[in-house]
Amino acid sequence: MLRVVADEQAGAELASGLDEIVREGARRMLAAALEAEVDAYVAAFADET
């Protein structure tokens, strides 16, 4: 019979790695959204002097 053995340190390392991947993804998404917003704002007022 197979049994799952919990290695708490490995679990914590995995969670830490996943957290970092999620944070980096969120940073990239926010940066892309901000850049798109700035581009739209600049385009809206491009003909202003």
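For the reader, a short list of remarks on this structure follows.
- Looking at E48, E24, just one residue is charged (D, E, K, R) and open to solvent by 100 Å² or more (accessible area, probe 1.4 Å), and that residue is E48.
- Selection within region 1-21 - among the acidic types (D, E) and either modelled with pLDDT of 90 or more or open to solvent by less than 100 Å² (accessible area, probe 1.4 Å) (or both): D7, D19, E20
- Qualifying positions in region 27-45 - open to solvent by 80 Å² or more (accessible area, probe 1.4 Å), part of a helix (DSSP H, G or I) and not β-branched (V, I, T): R27, R28, M29, L30, L34, E35, E37, D39, Y41
The values are calculated or read from the model by the stated rules, or taken from the named source; none is laboratory data. Just so it is clear, the structure is predicted and the values come from calculations on it, not from any experiment. Each accessible area value is taken on the protein alone, full model and side chains, heavy atoms only, with ligands, DNA and RNA left out. Shrake-Rupley method; radii C 1.70, N 1.55, O 1.52, S 1.80 Å.
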